[in-house]
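Enquirer: Sharing a structure here in structure tokens format.
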Amino acid sequence: MNVNGTAVTGYDAGARLLDVIREHLGLRGTKEGCGVGECGSCTVLLDGEPVCSCLVLAGQAEGREVTTVEGLASCPAGARLREQLVDHQALQCGYCIPGVMVSATAHLSRTEEVTEESVRTAISGNLCRCTGYTKLVSAVLTAASDTGAHS
Amino acid sequence: MKPPPFHYHDPRTVEDTLHLLSELDDAKVIAGGQSLMPMLNMRLAQPGHLVDINRVDGLAGIGWYEPEQVVRIGAATRQRTIEKDPDLARRYPLLPEAISHIGHFQTRNRGTVGGSLAHLDASAELVAVASAAEATLYAASTRAVRAIPMADFPRGHLTTDLTSDELLVAIDVPLWPDGHGYAFEEFARRHGDFALVAAAVLLELDTTHRSIRRCRVSLVGLGPAPIRLTKAEELLNGGVADDDALRSAAALARNLSAVGDDAAPAEYRLALAETLVRRGLRRALRRATQPTTPEVN
Ligand SMILES: Cc1cc2nc3c(=O)[nH]c(=O)nc-3n(C[C@@H](O)[C@H](O)[C@H](O)COP(=O)(O)OP(=O)(O)OC[C@H]3O[C@@H](n4cnc5c(N)ncnc54)[C@H](O)[C@@H]3O)c2cc1C
Ligand code: FES
Ligand code: FES
């Protein structure tokens with residue numbers, strides 16, 4: 001598989017994608033919260049689509065493109081979103097943020113008309129125990145208006 | 001938690017998959033993994049072998065068979081694929097509407113149609129749809145391929161008619177005429193949670209648009225298997241399509257029996273059933289009267 005554009009080999013096909021990312025590759029941005037698909041803190045992109053890496057086996061990602069939160073830095077929407085999250089002080093403990101960034105960046109990069117409702121739907125698979133979502137959502141909306149995607 | 005150790009198999013053809021399932025002891029199919037992986041991670045399941053069907057040729061896709069008037073959906077077709085498919089939105093909009101209630105983007109991007117049916121959760125949306133639709137499921141093994149009517153598929157809590165060496169390969173959904181009415185209604189504590197109760201409704205008017213030619217109503221969340229509300233269907237079929245009729249039909253849901261649990265007592269589930277069936281019938285009737293093209297999202 002490719003992770004953030006770099007070819008990766010030597011992993012166990014029966015391991016969780018999450019464990020390959022964190023332990024085999026040492027990319028610690030992706031978090032494990034629940035391990036059962038509820039919280040979304042382990043979200044990564046698999047061929048551009050958000051998935052919970054705790055529920056994907058590494059073998060299922062073979063030959064495919066995986067993008068983790070670290071890989072978003074090199075994409076314009078991801079970089080802008082990071083800035084806006086900081087400007088809006090949208091983080092408290094920060095544990096959910098990598099997953100939120102992955103889901104929100106996927107939404108920004110393929111949606112023409114980003115609205116509050118569309119953002120809330122896009123991050124509905126990501127639980128945040130701290131912020132109450134308001135600042136998260138406005139950070140995403142501001143990042144969208146920077147890209148011209150905000151209606 | 002990490003899953004327990006298992007042997008991972010990654011076959012490319014249906015034939016290889018069926019051989020693995022018939023030869024290996026203690027093997028489990030893994031499709032989208034959105035129900036099985038949580039069980040592995042929680043160590044609620046410890047199969048010796050996992051047979052991954054994600055790369056098996058010919059198991060995913062949507063095919064239209066006009067002479068037979070059915071749409072065939074491959075077992076490994078992703079839920080998100082169904083949700084976004086423009087032809088299904090037009091010709092079988094109950095399916096995408098139901099799927100929009102399943103989990104969230106992450107789970108729908110991976111979860112499959114066959115996985116949901118094979119898992120047979122007591123309140124799974126696709127189970128309600130397959131029941132109302134009178135779908136036929138095709139199960140293959142090294143012995144044979146057999147067709148299972150949805151009505152005969154559930155065998156108990158999370159238990160289906162599939163044997164351990166069988167692979168669900170596709171389901172056939174009989175088509176309804178263009179412009180038919182449909183509705184999927186559910187009540188869940190939060191959007192994306194499993195439903196407490198959900199209702200799937202299909203409805204066709206006669207040419208005068210005044211009476212109902214036929215309708216189907218199925219409920220999940222009342223017990224381990226979906227329940228067809230046949231009494232309501234009989235009451236409505238051939239009758240005048242007015243609100244009184246819909247209300248009386250929905251009220252029949254109260255006579256069903258439900259299994260209560262910590263999440264909701266039986267009485268409450270039946271009250272939900274009546275309300276959801278009433279809403280579903282009304283919405284289906286409105287849509288049959290004024291057909292519009294649903295949006296794909
Ligand atoms: C957070 C979360 C929320 C969810 N919410 C909902 C919800 O609201 N409604 C809902 O219905 N579901 C919900 N689900 C479960 C749904 O996402 C799953 O996709 C579905 O239940 C199983 O499909 P799968 O393809 O993921 O199957 P898997 O998890 O891969 O498999 C499930 C079971 O089916 C068997 N199986 C799979 N495919 C086949 C086949 N072709 N032939 C024979 N056996 C097979 C497997 O062996 C396993 O026993 C949720 C899951 C999560 C993690
Ligand atoms: S750790 Fe994967 S969804 Fe919570
Ligand atoms: S900031 Fe703490 S969980 Fe979101």
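The values are calculated or read from the model by the stated rules, or taken from the named source; none is laboratory data. Since the structure is predicted, the reported quantities are computational estimates derived from the model, not experimental observations. When we count neighbours, we look across all protein chains shown, and the Cβ atoms used for this are built from the backbone with ideal geometry, even at glycine. Only protein heavy atoms, including side chains, enter the accessible area calculation; ligands, DNA and RNA are left aside. Shrake-Rupley method; radii C 1.70, N 1.55, O 1.52, S 1.80 Å.
Enquirer: Can you tell me which residues in the range B:11-43 are within 10 Å of chain A (Cβ to nearest Cβ) and either among the hydroxyl-bearing types (Ser, Thr, Tyr) or open to solvent by 40 Å² or more (accessible area, probe 1.4 Å) (or both)?
Expert: Within the range B:11-43, B:Ser35, B:Met39, B:Met42 qualify.
Enquirer: Continuing with the same structure: Return the pair list, or none, for Cβ contacts closer than 9 Å from residues in the range A:1-27 that are within 20 Å of B:Asp10 (Cα to Cα) to residues that are part of a helix (DSSP H, G or I) and modelled with pLDDT under 95, at least 6 apart or on different chains.
Expert: none
Enquirer: Restricting the search to the range B:31-66, which residues are under 19 Å from B:Glu166 (Cβ atoms) and in contact with a Phe, Trp or Tyr (Cβ under 9 Å, 6 or more places away or on another chain)?
Expert: B:Pro47, B:Gly48, B:His49, B:Leu50, B:Val51, B:Asp52
Enquirer: Search the range B:155-178 for residues that are within 14 Å of chain A (Cβ to nearest Cβ) and pair each with any residue that is within 16 Å of ligand 3 (Cβ to nearest atom) and part of a loop (DSSP other than H, G, I, E, B) when their beta-carbon atoms are under 6 Å apart and the residues are at least 6 apart or on different chains.
Expert: That search, which allows pairs on different chains as well, returns nothing.
Enquirer: For the range A:47-79, which residues satisfy the criterion of being within 14 Å of ligand 1 (Cβ to nearest atom), in contact with a helix residue (DSSP H, G or I) (Cβ under 8 Å, 6 or more places away or on another chain) and among the small types (Gly, Ala, Ser)? Please lay out each step first, then the result.
Expert: Step one: of the range A:47-79, the residues within 14 Å of ligand 1 (Cβ to nearest atom) are A:50-57, A:59-60.
Pick out the ones that are also in contact with a helix residue (DSSP H, G or I) (Cβ under 8 Å, 6 or more places away or on another chain) and you get A:50-57, A:60.
Correct list: A:Ser53 only.
Enquirer: From the residues in the range A:20-56 that are surrounded by fewer than 19 Cβ atoms within 10 Å (Cβ to Cβ) and not in a loop (DSSP other than H, G, I, E, B), which one is farthest from ligand 2 (Cβ to nearest atom)?
Expert: Among them, the one singled out is A:His24.
Enquirer: Looking at the range B:67-104 only, could you name the residues that are within 26 Å of A:Val36 (Cβ to Cβ), in contact with a Pro (Cβ under 7 Å, 6 or more places away or on another chain) and open to solvent by 40 Å² or more (accessible area, probe 1.4 Å)?
Expert: Residues satisfying the conditions do not exist here.
Enquirer: Could you identify the single residue in B:Ile82, B:Ile73 that is in a strand (DSSP E or B) and modelled with pLDDT of 95 or more? Step through it out loud before you land on a result.
Expert: Details: B:Ile82 fails: in a strand (DSSP E or B).
The conditions single out B:Ile73.
Enquirer: Shifting gears a bit: For A:His88, which of the numbered conditions (1) touching a residue at least 60 places away in the same chain (Cβ under 8 Å); (2) more than 14 Å from chain B (Cβ to nearest Cβ) fails to hold?
Expert: Of (1) touching a residue at least 60 places away in the same chain (Cβ under 8 Å); (2) more than 14 Å from chain B (Cβ to nearest Cβ), only one is false for A:His88: (1).
Enquirer: Quick one: which residue in A:Ser41, A:Ser138 is among the hydroxyl-bearing types (Ser, Thr, Tyr), within 16 Å of ligand 3 (Cβ to nearest atom) and not assigned by TED's automatic domain parsing to the domain that holds A:Tyr11?
Expert: Numbers: A:Ser41 fails: not assigned by TED's automatic domain parsing to the domain that holds A:Tyr11.
Residue meeting the stated conditions: A:Ser138.
Enquirer: Can you tell me how many residues in the range B:114-162 are more than 11 Å from ligand 1 (Cβ to nearest atom), open to solvent by 40 Å² or more (accessible area, probe 1.4 Å) and assigned to a helix (DSSP H, G or I)?
Expert: Total satisfying the criteria: 2.
Enquirer: Same structure again: Only residues that are assigned to a helix (DSSP H, G or I) and surrounded by fewer than 22 Cβ atoms within 10 Å (Cβ to Cβ): list them for the range A:85-95, please.
Expert: Selection gives A:Val86, A:Asp87.
Enquirer: Across the range A:125-149, which residue is nearest to B:Ile102 (Cα to Cα) among those that are within 16 Å of ligand 2 (Cβ to nearest atom) and open to solvent by less than 20 Å² (accessible area, probe 1.4 Å)? Before the answer, list the steps.
Expert: So in the range A:125-149, the residues within 16 Å of ligand 2 (Cβ to nearest atom) come out as A:125-130.
Retained after the next criterion (residues that are open to solvent by less than 20 Å² (accessible area, probe 1.4 Å)): A:125-126, A:128.
Numbers: A:Gly125: 11, A:Asn126: 15, A:Cys128: 20 Å.
Filtering first and then ranking leaves A:Gly125.
Enquirer: Residue by residue through the range A:96-124, note down the ones that are out of contact with any strand residue (DSSP E or B) (no Cβ under 9 Å at 6 or more places or on another chain), away from ligand 2 (no atom under 16 Å from the Cβ) and in a loop (DSSP other than H, G, I, E, B).
Expert: A:Thr111, A:Glu112
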